[in-house]
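Reading through the structure tokens given below for one structure.
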Amino acid sequence: MNQTSPEVIIINEDKFNIPDDIGYLISSILILENEPLDKVVTIIFINEGEMKELYNKYYGYAQSTDVLSFDAGEIDPDSGKEIMGDIVICYPFVDHQSLKLGNELFDEIKLMVIHGMLHLLGYDHNTVDQKSDMWKSQNKILMSNGIKLNQIPE
């Protein structure tokens, strides 16, 4: 069992142009959040139609958004690793959002990965205090990874 790095499963059926260092970013997030590395996370890149279907299924109305996280909280019986869950990124939405905010596309994608991971780690932004804590951790991870954004989406 390899506990030196998390298992990162990337599903990108539409073959979107994505950063090749997402696994490194996941490791960095876990280290900065003082979490063990023996975890499994799946990152799925989808289109707008698929995101609207997911949003409708889980929230009751069809809407597109940049990222959703789905917590699994299970243990892989074969490896013993914690299966954290899925981070689902709507590539066309994030592409458009990066242009609108003046951010590099790969940096915007990495922000979505960071944001999704923080949700899987238990962060939320429903209250002012929760948002403050989450944004503080998000900014620490961005800075530690040299990710520079002109604007962060709300």
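No lab work stands behind these numbers, since they all come straight from the coordinates. Because the structure is predicted, anything quoted here is derived from the model rather than measured. When we count neighbours, we look across all protein chains shown, and the Cβ atoms used for this are built from the backbone with ideal geometry, even at glycine.
Things worth noting here:
- Test: residue in segment 36-43 that is outside any strand (DSSP E or B), surrounded by 15 or more Cβ atoms within 10 Å (Cβ to Cβ) and either touching a Cys at 6+ places or on another chain (Cβ under 7 Å) or aliphatic (A, V, I, L, M) (or both): yes
- Candidates in segment 117-154 are the residues that are without any contact (Cβ under 8 Å) to a residue 12 or more places away in the chain and either in contact with a helix residue (DSSP H, G or I) (Cβ under 6 Å, 6 or more places away or on another chain) or of a type in the set (D, E, K, R) (or both); of these, the one that is farthest from C90 (Cα to Cα) is D129.
- Residue count for segment 98-116 satisfying the condition of being surrounded by fewer than 17 Cβ atoms within 10 Å (Cβ to Cβ), within 15 Å of I18 (Cα to Cα) and either of a type in the set (G, A, S) or out of contact with any helix residue (DSSP H, G or I) (no Cβ under 8 Å at 6 or more places or on another chain) (or both): 1.
- Any hit, segment 30-40, residues being more than 18 Å from K81 (Cβ to Cβ) and not aliphatic (A, V, I, L, M): no
- Residues of segment 15-47 satisfying the condition of being in contact (Cβ under 8 Å) with a residue 40 or more places away in the chain and of a type in the set (V, I, T): I18, I22, I26, I29, V40, V41, T42, I43, I44, I46
- Unique match (being at positive phi and free of Cβ contacts under 8 Å to residues at least 12 places away in the same chain) among G60, G80: G60
- Verdict on K57 being surrounded by 14 or more Cβ atoms within 10 Å (Cβ to Cβ) and of a type in the set (K, R): no
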